[in-house]
Amino acid sequence: MADKEKIVKIAGLTGSLRKNSYNKAALMAAKKLLPENTELEILDLSDIPFFNEDVEEEGIPDSVLRLKEKLSEADALLISTPEYNYSIPPVLKNAIDWVSRGDDTPIYGKYLGLLSASPSPLGGARAQYHLRQVCVCVNLIPLNEPEIFIASAHTKFDEKGELKDETAKELIKELLAELVKKVRCQREENG
Ligand SMILES: Cc1cc2nc3c(=O)[nH]c(=O)nc-3n(C[C@H](O)[C@H](O)[C@H](O)COP(=O)(O)O)c2cc1C
């Protein structure tokens, strides 16, 4: 089978647990903008407990094991992060902390597509730059372009949560295409 026909699996994450989250809606929009032979599964972080080394020693919780498994199966990640107090939400950082532990960290060396949505005029830019710093530690490789900040998010989605902003859609499409290109190159390099 030609590599172009091999499925690329992307795991989608957001730090928002909110039902009507703009960032979750952005990931939903991404599902409709995927290149050929690409899948995007949005992973749920709502049942991941707070990281605690005592809990870890007693045994990794099932929800974390499931998350690690899903991330292992993924070729790349797509994160749409909210901005909380100029940084990333604890839900997202907590999930990264859990999966960064041990010898089998499932995100190490994988490519990451990054976006953010916020009602503010900056669209979550500061959170993205904090997330980029965390990526260094876990060797997640965020793409530099296109940068996607869905600013004034309350005006960019309709009442059903559909992304209606054509510029944002075009950029997400571009980001996904770039992400898939990187994964296919990585596969070639790794044989
Ligand atoms: C604790 C808290 C802190 C926030 N801080 C910021 C901030 O620093 N910058 C910003 O743009 N929005 C901030 N917001 C607003 C969020 O961007 C907004 O709630 C957004 O809708 C959250 O993403 P979601 O729609 O995916 O849940 C904050 C919200 C909360 C709850």
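Since every read-out is calculated from the coordinates, none of them should be taken as a lab result. What you see is a predicted model, and the numbers here were worked out from it, not measured in a lab. Virtual Cβ from ideal backbone geometry, glycine too; neighbours counted across all protein chains shown.
Here are the numbers:
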read-out: Share of pairwise Cα separations in the stretch 61-146, more than 22 Å, in percent; value: 24
read-out: 14 Å tail of the calculated P(r), the stretch 125-191, as % of Cα pairs; value: 69
read-out: Helical contribution to [θ] at 222 nm, DSSP H n ≥ 4, -39,500 (n - 2.57), averaged over the chain, rounded to 500; value: -12500 deg cm²/dmol
read-out: Fully extended contour minus Cα-Cα distance, from E56 to E147, at 0.36 nm per residue; value: 29.2 nm
read-out: Peptide ranges 41-53, 89-101 listed from the most packed, as the mean C-beta count within 10 angstrom indicates; value: 89-101, 41-53
read-out: Net charge dipole size for the stretch 3-190 [Lys, Arg +1 and Asp, Glu -1 on Cβ; Debye, nearest 20]; value: 640
read-out: Cα-projected label distance for C137 with K31, points at 7 Å along beta-carbon direction, nm; value: 3.1
read-out: Per-selection metrics, the chain (Cα): Rg and Dmax in Å; value: 16.1, 49
